[in-house]
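The values are calculated or read from the model by the stated rules, or taken from the named source; none is laboratory data. All values derive from a computational prediction rather than experimental measurement. Using ideal geometry, Cβ is built from the backbone for each residue, glycine included, and neighbour counts are taken over all protein chains shown. These area figures cover heavy atoms from the full protein model, side chains too; ligands, DNA and RNA do not enter into them. Shrake-Rupley method; radii C 1.70, N 1.55, O 1.52, S 1.80 Å.
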Amino acid sequence: MCGIVGYVGGRPAQGVVIEGLRRLEYRGYDSAGIALVDGGTIVSDKRAGKLANLEKAIGESPLPQVTTGIGHTRWATHGAPTDRNAHPHVSQHRRVAVVHNGILENFALLRAELEHAGVEMASETDTEVAAHLLERELETAPDLTVAMQRVCQRLEGAFTLVAVDALDPDRVVAARRNSPLVVGLGEGENFLGSDVAAFIEHTREALELGQDQVVTITREGVQVSGFDGSPAQGRQYHVDWDLSAAEKDGHDWFMRKEIFEQPRAVADSLLGRRGADGQLQLDEMRLSDQDLRDIDKIIIIAAGTSFYAGMVAKYAIEHWCRIPVEVELASEFRYRDPILTTDTLVVAISQSGETADTLQAIRHARVQRSKVLAICNTNGSTIPRESDGVIYTHAGPEIGVASTKGFLTQLVACYLLALYLAQIKGTRFGDEISQVMDQLDDMPGHVQTMLDKAEEVYALARDHVETRSVLFLGRHAGYPVALEGALKLKELAYIHAEGFAAGELKHGPIALVEEGLPVFCVVPPQGRDQLHDKMVSGIQEVRARGARTLCIAEEGDASIEPYADALITVPSVPVLLQPLVAVLPLQLFACELATLMGHDVDQPRNLAKSVTVE
Ligand code: AGP
């Protein structure tokens, strides 16, 4: 949500800022703006709609070639997505320009105070108050850094703020509380970004900031402090991916590129997990074996696609480790007064590591003294930083709003966690664990096999461009896959799509079935309890009522053929691992259908890549 860029250095700031905003477009936004510092004045432009609107405006009315600037893509919270409400916001006497991500919860009070003092508001946003407050603080503060520290002490809520002062053109000042911000370290230039994509083109050296910190960048250096002015330090790290990872690489969408990267992503997330002795090792775990042995309950918290990965994790952990697992939506977790003890392990799954609901949930768990383990893709993000341990998924940057390789690598991390716990707790023999690891090692190949069937899936999508409703059925580990398939379709094709546990059909959802309704059916592998046969009965039931059954079933499963209007086969893998292959046709279907419908697949309407406000 909201993209933020700041720059000070030797190059024309306009180019650096606009390019940075372009690389942050994937976060989701509905307006864009830029402010530059030009010899004692602030010049800015901001437009509703896509970045192209801003670029067009700048093309018609060029901005000066200066070397300090800030930019913003806004995902509206307070006030409609109009030119007026777009960021940057400029203070009353145009000394300060500010961009902001987050929500200033006490803005109404601050706004009333400013209006009482005679300040006229130019927008309906919460952000604008920060610009006016900074300008007023600058009447007594020695510089923008101190003004920012003072203002931040008055703000409530979550925020990343970035500001420039017209009278101090070589300084950009930023602050963060519960909202993402990273510093890019260059030579004779420095950068600020909501994430490293904003400056990856220029530097791969980054500085992670802590909570409640103010950072000042100049050409010469970077200075960090607390809101109270006390000196502080960020953590410097090297970004382990480069510009090419943030490009489409010949694909029409980042999402499609990311779908096709999944064999490599799965392989990378498995890399280096087995020690010389064959034992499973998780380097970033940080929780001791004894801590893990003491665990008597696991609660998984996550949102959206990550929540569905958590559902699969529950099946795997309970099966291999015999520890009770609850899976909870992060947004609901805190509000139900969950029972947490020091022997509860809370596992937070988040691709971005910045999802506000998940972050608040782990904070709640830590206050109750439970241990928190993050499963995360983004190095330097807040959730792993605030957790007791982390399993990084190593998927590489995920730019498409719809998670694909993020999901698959989360599944891998969940399996690894389950097997690791089984190893530590001794609930499975070493050779059983090894056998599953071998099966996981085969997965990149199986994922590729599924991707080789893309044309089959695209043909299916072409048959459904007029479709307005699709159901998804699954059982066991196939149930979260059904939910994920439905989510992908809602997000991208904007059509009614619902996932159900197939066993629930007769308890209500079957009433939705009518002539011609497409129903995706994720069929469990054959030969495991009655799971498979029950699913086949479910397929027969919907088909008897006119549904068009689109089945995803194990290769060689002859029992499905008579009841499948379309059949996509998946390699033969154990039921717990089947989500890794069964979800691929659903990703490809949603991506292709949305493309055929003319939708923006990478930036679906109303959505943001990381949801940084609650
Ligand atoms: C996935 O396609 C979604 N865009 C969304 O549900 C996402 O998974 C959710 O917002 C959680 O994000 P996170 O993994 O970054 O925490």
- Note on the structure: CD proxy, 222 nm, the chain: helix-only mean residue ellipticity via -39,500 (n - 2.57) per DSSP H run with n ≥ 4, per residue, nearest 500, stands at -10500 deg cm²/dmol
- Message: Over the chain, what is the relative contact order in percent, taking alpha-carbon pairs closer than 8 angstrom and at least six residues apart?
- Response: 12 percent
- If we count every other residue with Cβ under 13 angstrom of I4's Cβ, Lys/Arg +1 and Asp/Glu -1, where does the sum land? +1
- Task: Taking the dipole about the Cα centre of the chain, with the C-beta of Lys and Arg at +1 and of Asp and Glu at -1, give me whichever of L373, P571, A413 is farthest to the positive side.
- Result: L373
- the stretch 1-105: Cα Rg divided by the 2.2 N^0.38 Å rule of thumb: 0.97
- Query: Can you tell me the Rg and Dmax of the stretch 21-65, counting just the alpha carbons, in angstroms?
  - Reply: 11.3, 34
- For the pairs K371/K405; K405/K609; K453/K490; K371/K425, note any where the Cα-Cα span goes beyond 20 Å. K371/K405; K453/K490
- Query: Could you give the accessible area per residue of the chain, probe 1.4 Å, as a whole number in Å²?
  - Reply: 36 Å²
- Message: For a quick check of understanding: with a 1.4 angstrom probe and all protein chains in place, what accessible area in square angstrom does M121 have, to the nearest ten?
- Response: 30 Å²
- Any aspartates and glutamates with Cα under 17 Å of the K248 Cα? List them, leaving off those in the same chain fewer than 8 positions away. E19, E25, E201, E258, E261, E398, E592, D600, D602
- Item | Filtered trypsin sites (Lys or Arg not before Pro), the stretch 396-489: DSSP coil and at most 16 other beta carbons within 10 Å | K453, R468
- Alpha carbon centroid spacing (whole Å) that separates the stretch 101-174 from the stretch 244-279: 42 Å
- List the relative contact order of the stretch 373-506 as a percent without decimals, with contacts defined as Cα pairs under 8 Å and 6+ residues apart. 15 percent
- Task: Show me 407-420, 558-571, 26-39, 270-283 ranked by packing, highest mean number of other Cβ atoms within 10 Å first.
- Result: 407-420, 26-39, 558-571, 270-283
- Item | Neighbour cut-off at most 15 other Cβ (10 Å), DSSP loop, GluC sites (Glu not before Pro), the stretch 97-163 | E105, E120, E124, E139, E156
- Quick one: what do you get for the stretch 448-596 if you divide its Cα Rg by 2.2 N^0.38 Å? 0.93
- Which value, to two decimals, describes the C-alpha radius of gyration of the chain once divided by 2.2 N^0.38 Å? 1.01
- Item | Accessible-area ranking of H364, H464, largest first, probe 1.4 Å | H364, H464
- Could you tell me the accessible area of I301 in Å² (1.4 Å probe, neighbours in place), rounded to the nearest ten? 0 Å²
- Return the inverse of the average 1/r over all pairs of distinct C-alpha atoms in the stretch 540-596, which is the Kirkwood hydrodynamic radius, in Å to one decimal. 12.5 Å
- Calculate the length of the line joining the C-alpha centroid of the stretch 496-526 to that of the stretch 327-347, in whole Å. 30 Å
- Query: Among all the aspartates and glutamates, which ones have a C-alpha under 13 Å from K314's C-alpha, if same-chain residues fewer than 8 places away are not counted?
  - Reply: E326, E328
- Measure off, as a whole percent, the carbon and sulfur share of the 1.4 Å-probe accessible area of the stretch 259-441, all protein chains present. 47 percent
- Item | Scattering profile of the stretch 3-247 at q = 0.08 Å⁻¹ [log10 I(q)/I(0), Debye over alpha-carbon scatterers] | -0.25
- Task: Give the accessible area for H93 in Å² (nearest 10); use a 1.4 Å probe, count only protein heavy atoms, and leave out ligands, DNA and RNA.
- Result: 130 Å²
